[in-house]
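Q: First, the structure itself, so that you have it in front of you.
The numbers here are math on the coordinates, done by the rules we state, and not lab data. The shown structure was predicted, so the numbers you read here are calculated from the model rather than taken from an experiment. Here the Cβ positions follow ideal geometry from the backbone for every residue, glycine too, while neighbour counts run over all protein chains shown.
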Amino acid sequence: MKIFICVKRFYTSSNLWFDLKAGLLICLLVIMVVLPCGGVAAKAIRDESKPQTGAADTPALKGRYQSFFPVGNVISPRDLGGPRFEMLQKHFAVLTAENAMKPLYIQGNPGVFTFETADKLVDAVLKAGMKMHGHTLTWHQQSPEWINKEGMGRDEAIENLTTHAKTVAAHFRGRVVSWDVLNEAIIDNPPNPEDWRASLRQSPWYKTIGPEYIEIVFKAAREADPDAKLYYNDYNMDNRNKALAVFNMVKEINEQNPNAGGRPLIDGIGIQGHYRTKTNPENVANTLERFISLGVEVSITELDVQSGYNSTLSEAQLLEQGIAYARLFALFKKYAAVLGRVTMWGLDDGTSWLTQTSPALFDRNLQPKPAFWGALDPASFLAENEGRLADFKNEPLQAQAHYGAPALDIADPLWQSAPPIRINQYIMAWQGAQGSARVLWDEQHLYALITVTNAELNKANRSPHEQDSVEIFLDEGNHKSSYMQDDDGQYRVNFDNERSFNPSPIAAGFESRVFVSDKSYTVVVKIPFRTIEPKEDTLIGFDLQINGASAQGIRQSIAVWNDITGSAWQDPSCYGLLKLVK
Ligand code: 9MR
């Protein structure tokens, strides 16, 4: 009964309680909750055999926001025609090409521009009465290697940069309303954000041209399409330092170019908005305020909110996600007068780039989730559901270490006796190296074997955390303090078996070996217990992280087992739990 009441609260605000499809969803949720095993829940949610109806009778999101701001989403060739296109047309007013306009696909080979796929998307979108946003003229990812190869002369790089930007912007002139001219040029959490040049990512464009590449590409885009609004677009903007560096960059460039074709050079800042349910809307609000104070337009350009794990959402996770969306949309409504648009990054959980953490408004059968109702009508959703958050505890993930002392060798069969622990939750806007681990223990040591796949194997960066490496976090006493205590430690090993420790004294007695093959490597470690005498059923604080470097030697991805806040290096309270079993 309780379950029905809970689920009903999700839907009453939109009068869908008696609707057949809502009934189907309720059945799915009931199965999830009544049957205790998460795997069953996953099956219910993932059931792809249900017809993709496009939820024809849900209210239109874009209609609800008509007097506030255009709501958008992404489009790919698979969306052309059928229920997916109908849904896009019904709910969204402006679309972004998810990949088709990126440099790699438009100019994979020098001077050969391939516009066919992007043109098809643009034509269909405009014909259906929606608008099109261009994405993206410049990025350090998904760009062809030839365009800014290391060692290339500065003039040649400038020529490549401006030719690409001008040709592409001119091609779509009059058909796109705005452009992400530059994507993700600022590093994460820059230590000195007042100096925006020092905060720039050491990307190929930066290396070949220097910080001036930014002004150069914006000028090229303005020249080729004077009517399009030109945006700088980045993620993790709820980080104060990153937002400040972006602020300083846009401020200076616009002060130096106040009249680039009748207006300042940079028209807008795109806050991508790849969030998690724990993202604090206050940080988002602070960033909005900061950017608005520059007088530029601000848009939310790639919104999604990760929840759950392994394509599975518990009732609590669905609710938390609904509340996170409701809080964000309530905030966006408050800032409607200055928001250019709010664009979602993915129509449904099945096709989202983050499919494992189900971040979209619609589920894998294109049915609306609580996230949808939260976004549609934030005030009612919060009034009905916010009080229920306290019912749900946020449990960290728990894994098992089996008993046994393996050789420091990948070949020891003992490893196979321990269950695998997946390290595949991404916490940057890039899905790079990931992996899995097996853990064993005896009275003196913890042993781990961590296999990393899809790595670029690069250690060029002087900072060890920017190299391809694995990290193990231990809170031996499981005190869950929010700062590092004596029993806490962070152990890092790169693919070349170079080690780093936080704090450094924990290095004593630590042993490791690494086995490399092509784009994967396996790290085997033996870590002495320093402060506890472990026994059967002891629980210790534990986490795992994989740093993925790009071919240019910059950390481009972080995959974790449990702690998605990215603060494990300083906050053991975020760790997961490891149970020592026999
Ligand atoms: O959603 C995009 C996905 O299909 C691509 O595989 C991925 C890698 O290039 O890019 C995704 O979109 C990115 C966007 O273009 C820029 N911001 C981060 C997005 C997620 O990586």
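Q: Picking from GLY308, LEU397, SER380, whose Cα lies most toward the positive end of the charge dipole for the stretch 288-400 (charges on Cβ: Lys, Arg +1; Asp, Glu -1)?
A: Most positive-ward Cα: SER380.
Q: For the stretch 208-319, just list the percent of Cα-Cα distances falling in each 10 Å bin from zero outward, please.
A: 13, 39, 27, 13, 7, 0
Q: If you put +1 on each Lys and Arg Cβ and -1 on each Asp and Glu Cβ, how big is the dipole of the chain around its Cα centre, in Debye rounded to 20?
A: 1400 debye
Q: As I understand it, the dipole of the stretch 210-299 uses +1 on the Cβ of Lys and Arg and -1 on the Cβ of Asp and Glu, about the Cα centre. Which of VAL298, THR277, MET249 lies farthest toward its positive end?
A: Most positive-ward Cα: THR277.
Q: So in the stretch 390-480, what percent of DSSP beta bridges are antiparallel if you round to the nearest 5?
A: Bridges in the stretch 390-480 that DSSP calls antiparallel: roughly 85 percent.
Q: Another question about this same structure. Based on the inverse mean of 1/r over its pairs of different Cα atoms, what is the Kirkwood hydrodynamic radius of the stretch 517-567, in Å?
A: Value: 14.2 Å, from the Cα pair sum.
Q: If you average over every viewing direction, what projected area does the convex hull of the Cα atoms of the stretch 415-483 give, in nm²?
A: One quarter of the hull surface, i.e. the mean projection, equals 6.8 nm².
Q: Then there's this: Identify the GluC sites (Glu not before Pro) of the stretch 390-486 meeting these criteria: DSSP loop state and at most 13 other C-beta atoms within 10 Å of the C-beta.
A: Counting only loop positions with at most 13 other Cβ atoms within 10 Å, the GluC sites (Glu not before Pro) in the stretch 390-486 are GLU443.
Q: Additional query: Which number comes out as Rg/Rh for the stretch 270-321 once both Rg and the Kirkwood Rh are worked out on C-alpha atoms?
A: Ratio value, two decimals: 1.11.
Q: Let me ask something else. Normalised by the residues of the stretch 483-582, what does the relative contact order come to in percent, with Cα pairs under 8 Å and at least six apart?
A: Value for the stretch 483-582: 25 percent.
Q: Where does the stretch 324-383 land on the Kirkwood hydrodynamic radius, alpha-carbon pairs, in angstrom?
A: 12.0 Å
Q: Still on this model: For the stretch 253-326, with only Lys/Arg (+1) and Asp/Glu (-1) charged at the beta-carbon, what is the dipole magnitude about the Cα centre, in debye rounded to 20?
A: Magnitude of the dipole: close to 80 debye.
Q: Okay, moving on. Could you sort 268-274, 436-442 so that the peptide with the highest average Cβ count within 10 Å comes first and the rest follow in order?
A: Packing proxy ranking, top to bottom: 268-274, 436-442.
Q: List the trypsin sites (Lys or Arg not before Pro) within the stretch 441-505 that fall in a DSSP loop (any state other than H, G, I, E or B) and whose Cβ has at most 11 other Cβ atoms within 10 Å.
A: Passing sites in the stretch 441-505 are ARG462.
Q: Moving on to the next point. If we sort 92-102, 69-79, 275-285, 405-415 on the protection proxy, mean other Cβ atoms within 10 Å, highest first, what's the order?
A: Averaged packing, sorted descending, gives the order 92-102, 69-79, 275-285, 405-415.
Q: Rounded to the nearest 20 Debye, what is the dipole magnitude of the stretch 149-244 about its Cα centre when Lys and Arg each give +1 and Asp and Glu each give -1 at the C-beta?
A: Using only the charged Cβ atoms, the result is roughly 160 debye.
Q: Considering the Cα trace of the chain, what is its radius of gyration and what is Dmax, both in angstroms?
A: 24.6, 73
Q: DSSP loop (so not H, G, I, E, B), at most 10 other Cβ within 10 Å: list which GluC sites (Glu not before Pro) in the stretch 121-200 pass both filters.
A: GLU150
Q: Along its three principal axes, how long is the stretch 285-394 when you only count alpha carbons? Whole Å, largest extent first please.
A: So the three principal-axis extents are 42, 31, 22 Å.
Q: Which residue, chosen from PRO406, ALA324, SER482, occupies the Cα position most advanced towards the positive end of the dipole of the chain, where the dipole is computed from +1 (Lys, Arg) and -1 (Asp, Glu) charges on Cβ about the Cα centre?
A: Comparing the listed Cα positions along the dipole, ALA324 ranks first.
Q: I want the antiparallel fraction of DSSP beta bridges within the stretch 121-243, as a percent rounded to 5.
A: 10 percent
Q: Given the chain, what percent of its DSSP beta bridges are antiparallel, to the nearest 5?
A: Here the share of antiparallel DSSP bridges comes out near 60 percent.
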